[in-house]
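The values are calculated or read from the model by the stated rules, or taken from the named source; none is laboratory data. Computed from a prediction, not measured in an experiment: that's the story for all the values here. Virtual Cβ from ideal backbone geometry, glycine too; neighbours counted across all protein chains shown. Surface areas here come from the heavy atoms of the whole protein model, side chains and all, with no ligands, DNA or RNA. Shrake-Rupley method; radii C 1.70, N 1.55, O 1.52, S 1.80 Å.
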Amino acid sequence: MAAINNQMSSSRTSADASRLFSSSRSFAGGDRSAAFLYVGKPARRTVPSGFKLRSMKLSEPSVPLPDIPISPNGPVPADKLNSAPDSVAVNNILGNDKTRPIALRKTKIVCTIGPSTSSREMIWKLAEAGMNVARLNMSHGDHASHQKTVDLVKEYNAQFEDKVIAIMLDTKGPEVRSGDLPQPINLEEGQEFNFTIERGVATEDTVSVNYDDFVNDVEVGDTLLVDGGMMSLVVTAKSKEVVKCEVVDGGELKSRRHLNVRGKSATLPSITDKDWDDIKFGVDNQVDFYAVSFVKDANVIHELKDYLKSNNADIHVIPKIESADSIPNLHSILSASDGAMVARGDLGAELPIEEVPLLQEDIIRRCHSMQKPVIVATNMLESMINHPTPTRAEVSDIAIAVREGADAIMLSGETAHGKYPLKAVKVMHTVALRTEASLPSNTAPPTGAHKSHMGDMFAFHATIMANTLNTPIIVFTRTGSMAVQLSHYRPSSTIFAFTNDERIKQRLVLYQGVMPIYMEFSNDADETFSRAHRLLMDKGLLVEGQHVTLVQSGAQPIWREESTHHIQVREVQS
């Protein structure tokens with residue numbers, strides 16, 4: 001094998017700050033070989049140079065591989081994940097003839113908790129079926145019911161070091177809704193129907209709306225969409241209190257249905273008084289994420305972040321991109337935020353529906369370039385609210401979101417009030433896992449990769465190394481930043497992110513490919529490595545003889561006083 005060059009480009013790091021070592025220490029302290037890539041200031045504890053890597057060659061495996069069963073969280077044999085000849089060859093570079101890395105589902109699942117799933121039993125079952133984030137929809141329920149969910153999720157999290165469910169609070173926002181009805185009203189094509197700002201009206205031809213400026217926001221000729229487009233009406237006239245319409249697409253109008261005006265957003269503020277009350281509830285309960293409804297510009301994000309800072313609350317803010325007004329301000333909104341949600345229901349109601357797939361792809365691409373998580377939401381398995389199997393189009397929709405690189409996909413009514421919440425999660429898990437298995441392993445640099453920052457450079461090279469050698473990645477991080485950077489480069493195998501901070505553990509669960517694990521760090525690096533590897537072996541996530549790529553972040557040094565980054569490739573020994 002060609003000798004390893006002990007140099008790095010001067011444009012990436014200075015020559016006196018870079019070294020490439022090889023060592024004969026194994027992952028568990030044995031005599032097997034391990035490769036080191038080290039960059040940083042010289043540590044107090046030096047690693048001797050001059051060691052040689054053992055000879056490596058490319059060959060086909062001569063021993064059958066073990067069949068590792070799929071668990072609810074998705075471990076599968078690597079040969080099931082990628083059958084390309086190149087992946088078989090590079091796996092043997094490190095002599096993995098008997099074992100290969102396993103992988104977990106990388107795309108995360110957000111489940112809305114509601115009447116169908118708010119019990120302790122159902123939350124446990126959702127978690128085991130594949131739920132990664134529990135969503136509290138503040139448009140429904142009260143603080144007492146949501147408090148119960150928060151307490152149950154925290155009870156679940158307290159029992160595991162390697163499992164976690166994050167909590168996302170989704171604000172109601174300035175929704176325009178129809179009023180309460182004693183019974184549904186059947187709207188037929190060509191029928192005249194009215195909406196009034198007068199409260200409490202519910203007749204056969206007139207229903208209240210909850211927004212006093214509704215009359216001022218619409219014009220004759222505007223198209224009104226009910227319940228995300230399930231029904232549509234055209235405005236024919238308006239008076240001081242009433243908007244007169246003609247039904248274009250009929251259907252059954254039920255209580256408190258959402259109303260949109262095609263191509264327009266309501267002039268209401270993005271964060272209402274109710275939202276501020278709900279946000280305080282989130283601060284008090286230390287939720288992990290806010291999903292902010294109907295964000296129109298970055299000022300909303302700055303206002304909320306200032307509030308959180310004043311309350312010493314470490315909660316990430318994720319805007320829901322769902323209003324027509326947000327699209328011209330997309331870059332500034334995403335720049336100010338900690339991620340994004342593509343809320344396709346209202347987005348498709350306020351904008352031409354054919355624009356939604358293009359916007360979804362664009363938002364995913366933008367978030368990926370900014371190293372921020374993105375969630376694709378709404379209607380992913382809508383038919384499973386009432387039926388036990390999905391449509392083929394829904395299955396394709398999930399697969400497209402996964403292939404486009406979404407960090408997470410979301411279930412709304414399917415798990416909140418659907419008849420088959422567990423089946424919906426299992427379908428989403430299975431489709432995502434199968435789609436990920438079809439994606440090619442990439443050993444080439446990602447397009448547009450920028451490595452001006454030391455941590456970013458190491459995440460980039462760790463990904464290339466792990467993909468080339470077909471190894472999972474183990475990262476030790478205090479702040480989560482290195483795990484996030486690794487997720488950005490989308491390595492083919494799982495990123496096992498060990499952290500000694502419970503809040504960081506919960507936050508990392510949203511990022512694609514990251515499995516966060518809580519562990520206290522000791523002052524001895526090798527002892528910490530060994531404990532991490534034993535934990536993963538006990539969980540069936542690593543097997544003896546397998547190689548792993550170890551990464552330590554340097555932003556917050558764990559074992560050294562100096563800021564240090566390093567990459568190691570080690571063989572797992574029992």
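Data table
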quantity: Accessible surface, segment 180-314, averaged per residue in Å² (probe 1.4 Å); calculated: 50
quantity: Per-residue HN-Hα couplings for segment 200-212 [Karplus 6.51, -1.76, 1.60; θ = phi - 60°; Hz; x = Gly/Pro]; calculated: x, 8, 8, 10, 5, 10, 8, 9, 6, 10, 9, 10, 5
quantity: Sites S383 and D142 - FRET efficiency at Förster radius 25 Å, r taken between beta-carbons, to 0.05; calculated: 0.30
quantity: Backbone HN-Hα couplings from phi across segment 285-302 [Karplus 6.51/-1.76/1.60, Hz, Gly and Pro as x]; calculated: 9, 6, 5, 8, 9, 9, 9, 9, 7, 6, 6, 9, 7, 6, 4, 4, 5, 4
quantity: Long-range amide H partners of V569 with built H, under 5 Å; calculated: A35, F36, L37, L550
quantity: Stokes-Einstein translational diffusion, segment 111-171 - Kirkwood Rh over all Cα pairs, 0.890 mPa s, 25 °C, in µm²/s; calculated: 214
quantity: Dipole-positive endmost among S396, Q371, T499 within segment 347-503 (Cβ charges, Cα centre); calculated: T499
quantity: Selection from T206, V283, G229, by position along the positive dipole direction of segment 137-285 (Cβ); calculated: V283
quantity: Per-selection Kirkwood Rh - segment 244-288 (Cα, Å, 1 d.p.); calculated: 14.3
quantity: Highest-first arrangement of 359-369, 410-420, where packing means the average Cβ count within 10 Å; calculated: 410-420, 359-369
quantity: Placed amide H near N210: partners under 5 Å, 5+ positions off or other chain; calculated: R177
quantity: Segment E219-Q191, extension gain: residue separation times 0.36 nm, minus the distance between their alpha carbons; calculated: 8.2 nm
quantity: Sequence-distant aspartates and glutamates (8 or more away, or on other chains) whose Cα lies within less than 12 Å of K106; calculated: D407, E436
